[in-house]
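A short worksheet on the structure shown next.
The values are calculated or read from the model by the stated rules, or taken from the named source; none is laboratory data. What you see is a predicted model; the values in this text were computed from it and never measured. No Cβ is skipped: glycine too gets one built from the backbone with ideal geometry, and neighbour counts run over all protein chains shown. Ligands, DNA and RNA are stripped out before the accessible areas are found, and what is left, the full protein with its side chains, is counted by its heavy atoms. Shrake-Rupley method; radii C 1.70, N 1.55, O 1.52, S 1.80 Å.
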Amino acid sequence: MPRFDLHCHSTYSDGLLAPAAVVARAAAHGVDVLALTDHDEVGGLAEARAAAATAGIKLICGAEVSVSWEGQTIHVVALGIDPADPTLTQGLETIRSGRSGRARRIGDSLAAAGIRGAYEGALKHVTSERLVSRTHFARWLVEAGVARETKDVFKRYLTPGKPGYVAHEWATLPQAIGWIHAAGGQAVIAHPGRYKLSKTGMRRLLGEFRDGGGDAIEILTSSHTPAQFTEYAAYARAFDLLGSSGSDYHGPGESWLELGGLPELPAGAAPVWKHW
Ligand code: AMP
Ligand code: MN
Ligand code: MN
Ligand code: MN
């Protein structure tokens, strides 16, 4: 059985390793099929594809699309996209451009809470001028001694209700699915267990996603406990969605799980790669 890791990040978004280094590390950890899924960005895929050819592993072109749904942020992973598709690239460009103003507002919000210089500080951690994320703020806040590690930063800042959080409108769910399908890809709800949703809310999200043409959900992700692996395998069956598996790796020392570190999909789950 080949080993799949269908969710990870590089320096083209908020990962710490360049695409070629991500691919080399995945190969060293026994990954046979890797999807690079940078936030709202496909710019790292050419480098990743070349590195995968050298390493002798298969690279799936991906991205992780930011979506607003019922007032929260939902992530939709795209798998098997054509990175040159204009509908997709223009859609992602729209999302990325909204990130700059948001970053300034995050900086203003932290300043109002007494933490000055965060915007400039975050920019020092940005590795692609096209994309600034909360992760870059978190890294600077740790460096500035405001918190011990990035996990604490998110708990105390940058999340809803905390100083440093600003509401932001991303793409809509139908837009994200439409762009991904236009580019020939499959749409996958990322880390469903992370959203603050009641059981009814989760069913509404998965129902809308499935009815809108969505393809799969992540059953296995570093954000889920083993109990959630079982829970989301059941959701996938109930909603007739395929199941995906991805570490959501961001870099050495920053991720809960190594590339390729997930177990096999639970028996009975139809894998997102079944027709690949
Ligand atoms: P953004 O897309 O700018 O809202 O940033 C979202 C990113 O922040 C996610 O992709 C994660 O990498 C990171 N993140 C979100 N919540 C947490 C958390 N609780 N702990 C660590 N990183 C987080
Ligand atoms: Mn991230
Ligand atoms: Mn995510
Ligand atoms: Mn991710």
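Angle check, please: helix 199-211 long axis (alpha carbons) against the longest principal axis of the chain (alpha carbons), in degrees 0 to 90, nearest 10. Roughly 60 degrees between the two axes. The Cα atoms of region 148-241 give a gyration tensor whose axes a ≥ b ≥ c have a/c of 1.5 or more with a/b no greater than b/c, which makes the shape oblate. Over the residues of the chain, the helix contribution to mean residue ellipticity at 222 nm works out to -12500 deg cm²/dmol, using -39500 (n - 2.57) for each DSSP H run of at least 4. Converting phi to 3J(HN,Hα) with the Karplus coefficients 6.51, -1.76 and 1.60 and the offset θ = phi - 60°, region 173-182 yields 4, x, 4, 4, 4, x, 4, 5, 5, 4 Hz in sequence order, with x at every glycine or proline. The stretch between K274 and A46 holds 79.6 nm of extra length on full extension. This uses 0.36 nm per residue minus the Cα-Cα distance. Measuring nothing but protein heavy atoms, the accessible surface of the chain at 1.4 Å probe radius is 52 percent carbon and sulfur.
Between A167 and T225, the C-beta separation translates, for a Förster distance of 30 Å, into a calculated FRET efficiency of about 0.55.
For the chain, the relative contact order is 20 percent, taking Cα pairs closer than 8 Å that sit 6 or more residues apart in sequence and dividing their mean separation by the residue count. Take the Cα of R194, step 7 Å toward its Cβ, do the same at E70, and the gap between the two points is 1.9 nm. Given a Förster distance of 41 angstrom, what is the FRET efficiency for A234 paired with H29, based on the Cβ-Cβ distance and rounded to 0.05? Efficiency, rounded to the nearest 0.05: 0.90. Taking amide H atoms as placed 1.01 Å from N in the peptide plane, the amide H of F239 has no partner under 5 Å among residues 5 or more positions away or on other chains.
Axis angle, to the nearest 10 degrees, between helix 45-55 and the longest C-alpha principal axis of the chain: 60 degrees. For region 205-276, the solvent-accessible area of protein heavy atoms averages 43 Å² per residue (probe radius 1.4 Å; ligands and nucleic acids excluded). Projected over every direction and averaged, the convex hull enclosing the alpha-carbon atoms of the chain yields 13.3 nm². Would you mind checking the tilt of helix 86-112 against the longest principal axis of the Cα atoms of the chain, expressed as 0 to 90 degrees and rounded to 10? That works out to roughly 30 degrees.
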